[in-house]
1. Normalised radius of gyration for the chain, please: alpha carbon Rg relative to 2.2 N^0.38 Å, two decimal places.
2. Arrange the following residues from fewest to most other Cβ atoms within 10 Å of their Cβ: Phe146, Phe131.
3. Quick one: helix 90-102 against the long Cα principal axis of the chain, what's the angle to the nearest 10°, folded into 0 to 90?
4. Tell me the relative contact order for segment 3-155 as a rounded percent, counting alpha carbon contacts under 8 Å between residues six or more apart.
5. Arranged by the count of other C-beta atoms within 10 angstrom, fewest first, what order do Ser137, Ser21, Ser75 take?
6. Run lengths n ≥ 4 of DSSP H only: what is the helix-derived mean residue ellipticity at 222 nm for the chain, with -39500 (n - 2.57) per run over all residues, to the nearest 500?
7. At a 10 Å Cβ-Cβ cut-off, how would you order Leu90, Leu167, fewest neighbours first?
8. Peptides 22-29, 92-99, 45-52, 111-118: what's the order by average Cβ count within 10 Å, highest mean first?
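A short reminder: the numbers here are calculations on the coordinates, not readings from a lab. Everything numeric here is computed off the predicted structure, so don't read it as measured data. Note that we place each Cβ from the backbone using ideal geometry, even for glycine, and neighbour counts take in every protein chain shown.
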Amino acid sequence: MDPRQLKQAIAEDMGTIKTLSPDIIPARSYYRGLVKGAFSGFWKMFIILFLTLCYVMGSDETDPTTWSELFTSSSILSFFLSVVGMLILLTPISFFVQFQFHLEKKLKTGALIRKKCSHISMVFFGVFASFCILFGSYASGQQIFFMLVLSFFLSVGATHIVVNMELSRIGFSSLFTLFNEFFSKGKTVSIEETQK
């Protein structure tokens, strides 16, 4: 899609979104999408954390460990950190599931937005892996937990900045504002309605 066609498609999609109203997502579809998205992120995060922890704990000469202890402790810590990370990321995953159900097939830019969401995921995990490698290369076994948590939040922040810049560059920022309004329809109640 060339820039002129993209601009026209965005304008048409903005008009389309204003005329739509959100339907109720079937529970099975919604929760299946959430679980699928969370599991996809979980295993990627688990592998990155597991490898980082194995490297740091395995190379710590002040506290030598056996292979079984190394794998067990790295697995347990990676599991819990990944679960917490996915709980924090449930809101964006939920947004994507809602977008897929309500808007993807109704918008001309739906396929492109889905592709951009996939790119956002790759950017996040790439930045997260980079921070884990950076911090894991010099952190000791006692510091690594805090470094990994810091890596997660720095990755979220860096991804947020890059995504906002990219959305503004291609003109999707106004479209995402409309998405938020679309998903909020029916959630706001006026004061007059509550006093009836």
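1. 1.28
2. Phe146, Phe131
3. With both axes taken from Cα atoms, the answer is about 40 degrees.
4. About 32 percent, as a whole number.
5. Ser21, Ser137, Ser75
6. Mean residue ellipticity, 222 nm, calculated: -27000 deg cm²/dmol.
7. Placing the least packed residue first, the sequence is Leu90, Leu167.
8. 45-52, 92-99, 111-118, 22-29
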